[in-house]
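Enquirer: My questions will all concern the structure given below.
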Amino acid sequence: MTNHPILWTFRRCPYAMRARLAVRSAGVTVELREILLKDKPQAFLEASPSATVPALQLSNRVIDESLDVMVWALKQSDPQRLLDMPEDGWELIVANDGPFKTALDHTKYAIRFPDLDVEAERGKAAAFLMNLNERLDGQAYLCGDIETIADLAIAPFVRQFANTDSNWFVAQPWSDLVAWLNRFTQGSAFAAIMTKYVPWSDGDDPVWFGGTNQG
């Protein structure tokens, strides 16, 4: 058993992305275990009560909510002061994780929701994004000129929404939002957390992530 926390993750999941972003920023060393959602290893199922990623397996408990993983990591070390954020930043995260994520899913996976109007659902998501765009008018980040946990927590979901119809997304009147998203997706932090790993199998050598042992 490793002496480091184990971070169970799936590369393309936005919840897992934001957990990796926070772990990387904190410089906390974890053993990263990439999984396939269609073939979850037994060790993961035994560790995570919800069987969802991300899951941070500590010596005495498991954290299986992505925002809780972010906060845990940044409370260990927060060199960028990402937690130094006004209260309305937390409110943005709540809106992202609730109404926006619901509208995003209804748009991205419209075939699963035949009784819903996909354009109406996209409109709900767009209203949230327009609010973000207005916040970004004259400032680089969602809560001012310094990046906070809100940017890390929300950007992976905006990216996912943008990818549902990239031509439509960039044609909308939210140029500040597009610029903010481009800075995120083209930045070194995003590149670092999107490294491809072979799915974990029992007996594999540890894959270190986030700290000084990261490859």
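The values are calculated or read from the model by the stated rules, or taken from the named source; none is laboratory data. Because the structure is predicted, anything quoted here is derived from the model rather than measured. Reconstructed Cβ throughout: ideal geometry from the backbone, glycine too, with neighbour counts over all protein chains shown.
Enquirer: Please specify each residue of the stretch 164-209 satisfying the condition of being within 15 Å of the chain's Cα centre (by Cα) and within 30 Å of Pro41 (Cβ to Cβ).
Expert: Correct list: Thr185, Ala189, Phe190, Ala191, Ala192, Ile193, Met194, Thr195.
Enquirer: Let me ask something additional. Looking for whichever is over 19 Å from Ile35 (Cα atoms) and either crowded, with 19+ Cβ neighbours inside 10 Å or in contact with a His (Cβ under 6 Å, 6 or more places away or on another chain) (or both) here; the options are Asp151, Asp145, Asp176. Which one fits?
Expert: On the way: Asp145 fails: either crowded, with 19+ Cβ neighbours inside 10 Å or in contact with a His (Cβ under 6 Å, 6 or more places away or on another chain) (or both); Asp176 fails: either crowded, with 19+ Cβ neighbours inside 10 Å or in contact with a His (Cβ under 6 Å, 6 or more places away or on another chain) (or both).
One residue alone meets the criteria, Asp151.
Enquirer: Taking the stretch 132-141 on its own, how many of its residues are surrounded by fewer than 16 Cβ atoms within 10 Å (Cβ to Cβ) and in a helix (DSSP H, G or I)?
Expert: The first filter runs over the stretch 132-141 and keeps only residues surrounded by fewer than 16 Cβ atoms within 10 Å (Cβ to Cβ), leaving 134, 137-140.
Restricting the remaining residues to those that are in a helix (DSSP H, G or I) gives 134.
Final tally of qualifying residues: 1.
Enquirer: Of Asp115, Asp105, which residue is outside any helix (DSSP H, G or I) and over 26 Å from Ala73 (Cα atoms)? Talk me through it step by step, then tell me what you get.
Expert: On the way: Asp105 fails: outside any helix (DSSP H, G or I).
One residue alone meets the criteria, Asp115.
Quick grid of which residues meet (1) aromatic (Phe, Trp, Tyr); (2) at pLDDT 95 or above:
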| residue | (1), (2) |
| --- | --- |
| Asn96 | no, yes |
| Phe100 | yes, yes |
| Ala103 | no, yes |
| Lys108 | no, yes |
| Ile111 | no, no |
| Ala125 | no, yes |
| Phe128 | yes, yes |
| Asn131 | no, yes |
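Enquirer: Turning to a different aspect of this structure: Which of the residues spanning the stretch 137-171 are out of contact with any helix residue (DSSP H, G or I) (no Cβ under 7 Å at 6 or more places or on another chain) and aromatic (Phe, Trp, Tyr)?
Expert: Once the filter is applied, which keeps residues that are out of contact with any helix residue (DSSP H, G or I) (no Cβ under 7 Å at 6 or more places or on another chain) and aromatic (Phe, Trp, Tyr), the stretch 137-171 yields only Trp168.
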